[in-house]
Amino acid sequence: MNLASIPRHALPELLCRMPKAELHIHIEGSLEPELIFSLAERNRLQLPYPTIEALRAAYAFTDLQSFLDIYYAGASVLQTEEDFFDMAWAYLLRAKADNVVHAEIFFDPQTHTARGIPFVTIINGLDRAIQQARKELGISAALILCFLRHLTEDDAFTVLEEALPFRDKFIGIGLDSGEKGNPPEKFSKVFARCRELELRLVAHAGEEGTAEYIWHALDLLQAERIDHGVHCLDDPQLVTRLVQQQIPLTVCPLSNVKLCVFPTLAAHNIARLLACGIRATINSDDPAYFGGYLNQNYLETFVALPELGAAEAYRLARNSFEASFVDVEVKAGWISQLDAFFQQQHA
Ligand code: HPA
Ligand code: ZN
């Protein structure tokens, strides 16, 4: 395929229309202010913000923790199975509109079980939306249960026990929340247990944390994919490892700017990650909080970084499929679909 012949002005439509997977989306981060207000009303809860606009105006973050404080507060409106269904269904509709054919979706059960919401309520609501999306939207999705790293490893073991009766409803385990001071090794025992249970393993590392956190997520947790990972470029030996083993990074450009990991999108290192041969992908992280869903992340990143053209669009979409946790045959089917899409572009 001669992708160099695709002109720059054709990129926005290409980016939006190409089939892709999303591998780093926190479902609680897809709760739009409008839905927060309607769920608060449905559950007769008082929010600390008088209007939707006032809530949205509070979305000015200085770092990860300043975001997490508001994100956990927003998630407190989720109470019933219907609430979890509505949140996930709204995301899946948005994903469909962005030509996402497959999503691997994080959820943070401890945020809810700590408020007395039973695990069964959370998982059944999310799973029902996923099953309905498969039937009605033709979109594939799976859940990844995240442990909150600011809590203890014992807490993680507790939620794992609560989750195991629903083992068929999630495919893997992740690690999120405040990174600094909560290194991967804090969770090495519970990750080892999850590995025995044949769960797929991922971890946030190298978002605010150093390259060392990425080494430890790989070596001590056996993470198969690194969420964010943008600080890997500080360590040339780590870059060599990521390239040699083709360990995917799920990069979230708009998130990184909103949380001040990079000052601007123009300063983002995604083009350099790709140029090094790292299997980087583009994702939305918490789209309701960071200014856009998946296509918005692609569009703004490609405008800000002129090094990114049609070849990188193809590479990013292809990486998203290669990095996903589906069977090889399913992956191959999506990659053929992607190839056919790009062939049509300069037919
Ligand atoms: N980093 C860590 N924890 C999170 C994030 C993130 O970007 N989003 C939601 N929880
Ligand atoms: Zn994240």
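The values are calculated or read from the model by the stated rules, or taken from the named source; none is laboratory data. For clarity, every value in this text was computed on a predicted model and none was experimentally measured. No Cβ is skipped: glycine too gets one built from the backbone with ideal geometry, and neighbour counts run over all protein chains shown. SASA here: full protein model, heavy atoms, side chains in, ligands and nucleic acids out. Shrake-Rupley method; radii C 1.70, N 1.55, O 1.52, S 1.80 Å.
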For the stretch 42-51, indicate whether the set of residues that are among the polar types (S, T, N, Q) and either within 16 Å of ligand 1 (Cβ to nearest atom) or surrounded by 15 or more Cβ atoms within 10 Å (Cβ to Cβ) (or both) is non-empty.
no
So which of Arg134, Arg167, Arg200, Arg195 ends up being out of contact with any strand residue (DSSP E or B) (no Cβ under 9 Å at 6 or more places or on another chain), open to solvent by 60 Å² or more (accessible area, probe 1.4 Å) and among the basic types (Lys, Arg)?
Arg167
For the stretch 99-117, enumerate the residues that are away from ligand 2 (no atom under 16 Å from the Cβ) and touching a residue at least 40 places away in the same chain (Cβ under 8 Å).
Asn99, Val100, Val101, His102, Thr113
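Where residues in the stretch 250-263 are out of contact with any helix residue (DSSP H, G or I) (no Cβ under 6 Å at 6 or more places or on another chain) and within 12 Å of ligand 2 (Cβ to nearest atom), which of them is farthest from Leu299 (Cα to Cα)? Can you show your working first?
Taking the stretch 250-263 and keeping what is out of contact with any helix residue (DSSP H, G or I) (no Cβ under 6 Å at 6 or more places or on another chain), we get 250, 252, 256, 260-261, 263.
Imposing the further condition that a residue be within 12 Å of ligand 2 (Cβ to nearest atom) reduces the set to 250, 252, 256, 261.
Working: Thr250: 17, Cys252: 13, Asn256: 15, Val261: 19 Å.
So, considering only residues that are out of contact with any helix residue (DSSP H, G or I) (no Cβ under 6 Å at 6 or more places or on another chain) and within 12 Å of ligand 2 (Cβ to nearest atom), the one farthest from Leu299 (Cα to Cα) is Val261.
Being open to solvent by 10 Å² or more (accessible area, probe 1.4 Å) and touching a strand residue (DSSP E or B) at 6+ places or on another chain (Cβ under 7 Å) is true for just one of Ala156, Ala142. Which residue is that? Let's see the steps before the verdict.
On the way: Ala156 fails: open to solvent by 10 Å² or more (accessible area, probe 1.4 Å).
Among Ala156, Ala142, only Ala142 is open to solvent by 10 Å² or more (accessible area, probe 1.4 Å) and touching a strand residue (DSSP E or B) at 6+ places or on another chain (Cβ under 7 Å).
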Of Phe37, Phe61, Phe67, the only residue that is open to solvent by less than 70 Å² (accessible area, probe 1.4 Å), part of a loop (DSSP other than H, G, I, E, B) and within 21 Å of Gly292 (Cβ to Cβ) is Phe61
Looking for something at pLDDT 95 or above, farther than 20 Å from Ile117 by Cβ, among the aliphatic types (A, V, I, L, M) and open to solvent by 40 Å² or more (accessible area, probe 1.4 Å) - is there at least one such residue anywhere in the stretch 170-187?
yes
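Listed here are the residues, each with its yes/no results for (1) of a type in the set (A, V, I, L, M); (2) within 17 Å of Gly229 (Cβ to Cβ); (3) in a loop (DSSP other than H, G, I, E, B).
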| position | (1), (2), (3) |
| --- | --- |
| Cys146 | no, yes, no |
| Asp154 | no, no, no |
| Glu161 | no, no, no |
| Asp168 | no, no, no |
| Glu179 | no, yes, yes |
| Leu201 | yes, yes, no |
| Glu208 | no, yes, yes |
Name the one entry in Glu32, Glu28 that is charged (D, E, K, R), within 14 Å of ligand 2 (Cβ to nearest atom) and either at negative phi or surrounded by 16 or more Cβ atoms within 10 Å (Cβ to Cβ) (or both).
Glu28
In the stretch 281-317, which residues are more than 15 Å from ligand 2 (Cβ to nearest atom), buried (at least 22 other Cβ atoms within 10 Å of the Cβ) and under 18 Å from the mean Cα position of the chain (by Cα)?
Asn295, Tyr298, Thr301, Leu316, Ala317
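With Val230, Val303 as the choices, which residue is of a type in the set (A, V, I, L, M) and either touching a Lys or Arg at 6+ places or on another chain (Cβ under 7 Å) or within 15 Å of ligand 1 (Cβ to nearest atom) (or both)? Step through it out loud before you land on a result.
On the way: Val303 fails: either touching a Lys or Arg at 6+ places or on another chain (Cβ under 7 Å) or within 15 Å of ligand 1 (Cβ to nearest atom) (or both).
Residue meeting the stated conditions: Val230.
Per-residue answers, yes or no, for (1) within 24 Å of Ala141 (Cα to Cα); (2) within 17 Å of the chain's Cα centre (by Cα); (3) of a type in the set (Val, Ile, Thr):
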| site | (1), (2), (3) |
| --- | --- |
| Ala57 | no, no, no |
| Asp69 | no, no, no |
| Asp83 | yes, no, no |
| Pro109 | yes, yes, no |
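A quick yes/no check of all residues on (1) within 16 Å of ligand 1 (Cβ to nearest atom); (2) out of contact with any His (no Cβ under 9 Å at 6 or more places or on another chain):
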{"position": "Ser38", "(1), (2)": "no, yes"}
{"position": "Ser66", "(1), (2)": "yes, yes"}
{"position": "Tyr72", "(1), (2)": "yes, yes"}
{"position": "Thr80", "(1), (2)": "no, yes"}
{"position": "Phe84", "(1), (2)": "no, no"}
{"position": "Ala90", "(1), (2)": "no, yes"}
{"position": "Arg94", "(1), (2)": "no, yes"}
{"position": "Gly116", "(1), (2)": "no, yes"}
{"position": "Leu126", "(1), (2)": "yes, yes"}
